[in-house]
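Notes follow once the structure below has been shown.
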Amino acid sequence: MDRVTSFFQGNLSKRSRILIIVATFALLPSIFLPTWTITLHAPQYPDGIHVKIYPNTVAGDVREVNLLNHYIGMHEIRADEFPEFRFIPFFILRFFGFALLTAMVGRMAIAALGWMDFTLFGVVMLYTMQHWLYQYGNDLSPDAPLNIDPFTPHFIGVTHVGQFTVTSWPAAGAILMAIAGVIGPVVAVYEWRRTRSEATA
Amino acid sequence: MRSKRMTWVLTLTATAAVLGVVTLQSCSGAGRGADVSAIARARGLTEADIVAAVKTFQPTGKMDEYLMFGSGGHSGQVVVIGVPSMRLLKVIAVFTPEPWQGFGYGSDEHKALFENARMAGHDITWGDSHHPALSETDGDYDGQFLFINDKANPRIAVIDLRDFETKQIVTNPNMGTNHGGTFVTPNTEYVIEGAQYSVPLWTDYADVDRYEEDYRGLITMWKFDRDRGRIDEAASFSIVLPPYWHDLADAGKGPSFGWAFLNSFNTEMATGGVEDGNPPFEAGASRNDMDYMHIINWQKAAEVAAAGNTRMARGRRVIPLQTAIDEGLLFFVPEPKSPHGVDVTPDGRFLVVSGKLDPHVTVYSFAKIQQAIQNGDFTSTDPYGVPILDFNSVIEGQLEVGLGPLHTQYDNRGNAYTSIFLESQVTKWSLDPLAVVDKIDVHYNVGHLAAVEGDTKSPDGKYLVAMNKWSLDRFNNVGPLLPQNFQLIDISGDEMELIYDMPIGVGEPHYAQIIKADKLQPFEIYPEIGFDPSTMSTASDAVQAGEERIERRGRNVDVYMTAIRSHFNPEYIRVREGDNVTIHITSIEQVRDATHGFGIAKYNINLSIEPGESQTVSFVADAPGVFPFYCTEFCSALHLEMMGYLLVSPR
């Protein structure tokens, strides 16, 4: 128990602090980069229909997606209807600040707290995305020209809807955030081993 | 030792043989088990046919390297054809109403266009389109605009190549018909239109017995305003010519920049009258061995016009013939009779004239012409006082190319190609030395030629299209009116090779120009929602989503409508009999090819509303009843449901 307590009370090594700096560099651009991409392919759309989800908005061929969705009675996708878009960029900014602070102060406890906060945020966001996908795919208007069975697109991977193949993947922003996220455990393992070897020395 | 080596050689040979057989089999199996030579044998195709097919065939999704803009002849339209596949891509509506493009079927924008195109108090709903001209910058096609003349009703149309639509038609009331147009000056400063049959100029009526006194020829320099994409009628001017008949023209380039050349015939000023025992026009107008090539200093003429040295004829600025002579704007040089083309060489140093009734092409030197003009080296004047240069002192040479030479195009290796009408051939000949290089049969009665970028300062020398007047036995019989035949010729090698026949069944095309496709950058969709193609800007009455409404003011009903897959909004238009209805309709589509039509049953109305486009249609609801309107362009799975009702209640 002493070992765990002293681990969290300990100071971070220079290497770990550099790694956390790397995480801040990964986080900052992810505010401006697309987080997720959804691509629809069908024969009459040889170039595909591309939707890009950013931390603060949804962009790309949203108009055409909405046009197609009205045939099946799907609710119109409008950026201003997602409250998440209003605060996600500030959350990322907050994690960036937290990580920067951690790198400067160099305390393991702050690092752990920040990482848990960030990871929780990631999980909640993925859950929210899945919730919205369920919502849009299942809340279909009965007055639509075409009646199809409700469906839930996969938030990662391929879904078939009518003549469309819908492919959903994390984009640059999410990949950068994942890199930042993975740095947490890396730092933890490294620090655990370092402090153990110092203790035995 | 020796036997060992032998074994190696044998093994290698055997391996190579096996590999060879396997390779051959996999090759012949490439076309889904098809055997090319077996198919060719079954269809009776020669090796040359297969080569031609391989040179022209475009698999699905592959684009052509060049686009040909051809006149549509009597159709009054322009045909757009891919080269080398010779696939018809579009027929651009120009002088004739065309329902698919909604051209002249109700839209106010086109009503205004046709209103400006009226002549002699008539609605003119056809054109005899002859010679398209692509806009040029520094003597090369720039892919921005296309011009074309209507011979029957002397008019010029301007087509914007951003959307391949006709933007303007200007009329020329001082001409009877035209022919020497359209040709552009090297930076499209002016679009040249030469008259064909002379008519009275300063008086509206004069009998043919007053032909020499009152009839006049004319060349018009239409000023093109590139920024506006329109001809500036007020800044344009004409030069009066003697009452000869005039044929093709061309603009000088490079050293001959600033000059225009125009062929003439009937310099005899024959007035026909076969019914009175006179020689018919065909004989009277061909009596002399020589006609006059007109050499015109348009740059100086523009200065003369700008200085106000003009008279007004039927509301247009005209430089009188005597002024043109006094100011040194007009000179003649004899040319073999009944000439068709006067074609400036790519370097601008020479002019090639072919006289239909003379087996030679005549090559004139522009430098020698300039020398003779500067030296005042004239043999005489014509009856109107126009100075005539000495033929022999200004020609570079003559070359016998065949019977009935018509029109000449160029390649990038110093060769010229001349159509030979009477012998149904194309003659390839070199400019230096003057010599025939090759001849090829075409089918039949070839008129103009179009080589890829073949009348610019830098021809590409890859393909040539022979535009044949007769097709006779080339295609399936479709009755006594036969299509024309565009024949594609590969001119990249030493010998010309005929590689494709394309029937043209819309009218008799005359000239065409062929541009490298990558020079064109048309819109994929209109750049903004509510775009008005007639002004190339956002329409003041554009309707955005959510702004749909019907406004009534007494008998005037304005309908603000949007169209998107798969509905119009509103879907009911309720009016009273006799109401003036104006429908402002905007396509709020933003994807390529999602075009809607808007047709109203029994009202002779149809619009084409392309993605982003805004159109206005106004009409009097003079017939009471219920009239479905619907999307006339198959747009989506629920296209048939894209409709509405015009409800005209009886008054």
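We did not get these values from a lab; they are worked out from the coordinates using the rules stated. In this text, all values refer to a predicted model and were calculated from it rather than measured experimentally. Ideal geometry is used to build each Cβ from the backbone, glycine not excepted, and the neighbour counts take in all protein chains shown.
Which FRET efficiency value, to the nearest 0.05, do you get for A:Ala109 and A:Phe87 by plugging their Cβ-Cβ distance into 1/(1 + (r/R0)^6) with R0 = 30 Å? Working shown, then result.
Numbers: r = 26 Å, r/R0 = 0.86.
Result of the calculation: an efficiency of 0.70.
Which far-off residues, 5 or more places away or on another chain, put their amide H under 5 Å from the one on B:Tyr66, with H placed in the peptide plane?
B:Val83, B:Ala517
As a footprinting exposure proxy, order B:Ser430, A:Ser168 by other Cβ within 10 Å, with the fewest listed first. If you can, show how the numbers build up before the last one.
Values: B:Ser430 14, A:Ser168 20.
Neighbour counts put them in this order, fewest first: B:Ser430, A:Ser168.
Taking chain A as a Gaussian network, Cα atoms linked when under 10 Å apart, which of A:Ala111, A:Ala144, A:Ala103 shows the biggest mean-square fluctuation?
A:Ala144
Taking the simple approach of a point 7 Å from Cα along Cα-to-Cβ for both B:Met312 and A:Asp149, what is their distance in nm?
A separation of 8.0 nm, rounded to one decimal place.
Once you compute Rg and the Kirkwood Rh from C-alpha atoms, what is the Rg to Rh ratio for the protein assembly as shown? Let's see the in-between values first.
On the way: Rg = 36.6 Å, Rh = 32.8 Å.
Across the protein assembly as shown, the Cα-based Rg/Rh ratio is 1.12.
Residues of region B:108-135 with the amide nitrogen closer than 18 Å to a label point 7 Å from the Cα of B:Leu481, along Cα-to-Cβ, please.
From region B:108-135, the list is B:125-130.
For a label point 7 angstrom out from the Cα of A:Tyr190 toward its Cβ, which stretches of region A:1-33 have the backbone nitrogen within less than 15 Å?
Label zone hits: A:11-26.
At what distance in nm do the modelled label points of A:His131 and B:Asn187 sit from each other, each positioned 7 Å from its Cα along Cα→Cβ?
Each label point is offset 7 Å from its Cα along the Cβ direction, giving 6.6 nm.
What residue among A:Asp47, A:Asp117, A:Asp61 shows peak mean-square fluctuation when chain A is described by a Gaussian network model with Cα springs under 10 Å?
Fluctuation is largest for A:Asp47.
Counting only residues 5 or more places away or on other chains, whose amide H sits under 5 Å from the amide H of B:Phe265 once H atoms are built in the peptide plane?
Amide H to amide H, under 5 Å and 5 or more residues apart or across chains, B:Phe265 pairs with B:Trp245, B:His246, B:Asp247.
How high is the relative contact order of chain B? Use alpha-carbon pairs under 8 Å, at least six apart in sequence, and give a whole percent. Kindly include the intermediate steps, with their values, before the conclusion.
Details: 1732 pairs, mean separation 65.0, N = 651.
Once divided by the residue count of chain B, the mean separation gives 10 percent.
In what order do A:His70, B:His110, A:His75 fall by count of nearby beta-carbon atoms within 10 Å, going from fewest to most? Mind showing how you got there, number by number?
Working: A:His70 19, B:His110 23, A:His75 14.
With the sparsest Cβ surroundings first, the list reads A:His75, A:His70, B:His110.
For n ≥ 4 DSSP H runs only, could you compute -39500 (n - 2.57) per run for chain B, divide by its residues and tell me the 222 nm figure to the nearest 500?
One gets -4000 deg cm²/dmol as the mean residue ellipticity at 222 nm.
Looking at chain B only, what percent of DSSP beta bridges run antiparallel? Nearest 5 please. Numbers along the way, then the final one.
Values: 154 of 172 bridges.
Once the DSSP bridges in chain B are tallied, antiparallel ones form about 90 percent.
Output the 0 to 90 degree angle, nearest 10, between the alpha-carbon long axis of helix A:62-72 and the longest principal axis computed from the alpha carbons of chain A.
50
What fraction of the DSSP beta bridges in region A:10-196 is antiparallel, stated in percent and rounded to the nearest 5? Please report the intermediate quantities before stating the final value.
Details: 21 of 21 bridges.
So the antiparallel bridges amount to about 100 percent of the total.
Let me check against my output: what whole-number percent is the relative contact order of region A:10-196, with C-alpha pairs under 8 Å and at least 6 apart?
Values: 261 pairs, mean separation 66.3, N = 187.
Answer for region A:10-196 is 35 percent.
Rg and Dmax of chain A, Cα atoms, in Å?
So, for chain A, Rg and Dmax equal 21.4, 75 Å respectively.
Report, in degrees rounded to the nearest 10, the 0 to 90 angle that the Cα long axis of helix A:172-200 makes with the longest principal axis of chain A.
Approximately 20 degrees, to the nearest ten.
Taking springs between alpha-carbon atoms closer than 10 angstrom, which of A:Leu100, A:Leu126, A:Leu176 fluctuates most in the Gaussian network model of chain A?
Ranking A:Leu100, A:Leu126, A:Leu176 by mean-square fluctuation puts A:Leu126 first.
Would you mind checking the tilt of helix A:14-30 against the longest principal axis of the Cα atoms of chain A, expressed as 0 to 90 degrees and rounded to 10?
The answer is roughly 20 degrees.
If I require 15 Å or longer along the helix axis, counting alpha carbons, and a Kyte-Doolittle average no lower than 0.0, what helices from chain B are left? Use full DSSP H segments. Walk me through the intermediate numbers first.
Values: long enough: B:2-28 (39 Å, 0.67).
Helix filter hits for chain B: B:2-28.
Grab the beta carbon distance between B:Ala234 and B:Thr538, set R0 = 30 Å, and tell me the FRET efficiency rounded to 0.05. Can you show the working numbers first?
Numbers: r = 27 Å, r/R0 = 0.89.
It comes out at approximately 0.65.
Would you compute, from DSSP H runs of 4+ residues alone, the mean residue ellipticity of chain A at 222 nm, taking -39500 (n - 2.57) per run and dividing by the full residue count, rounded to the nearest 500?
Numbers: 6 runs with 118 residues, N = 201.
Per the formula, -20000 deg cm²/dmol.
With an 8 Å cut-off on Cα pairs and a minimum separation of 6 or more residues, tell me the relative contact order of region B:313-362 in percent.
Numbers: 50 pairs, mean separation 13.4, N = 50.
With pairs under 8 Å counted, the relative contact order is 27 percent.
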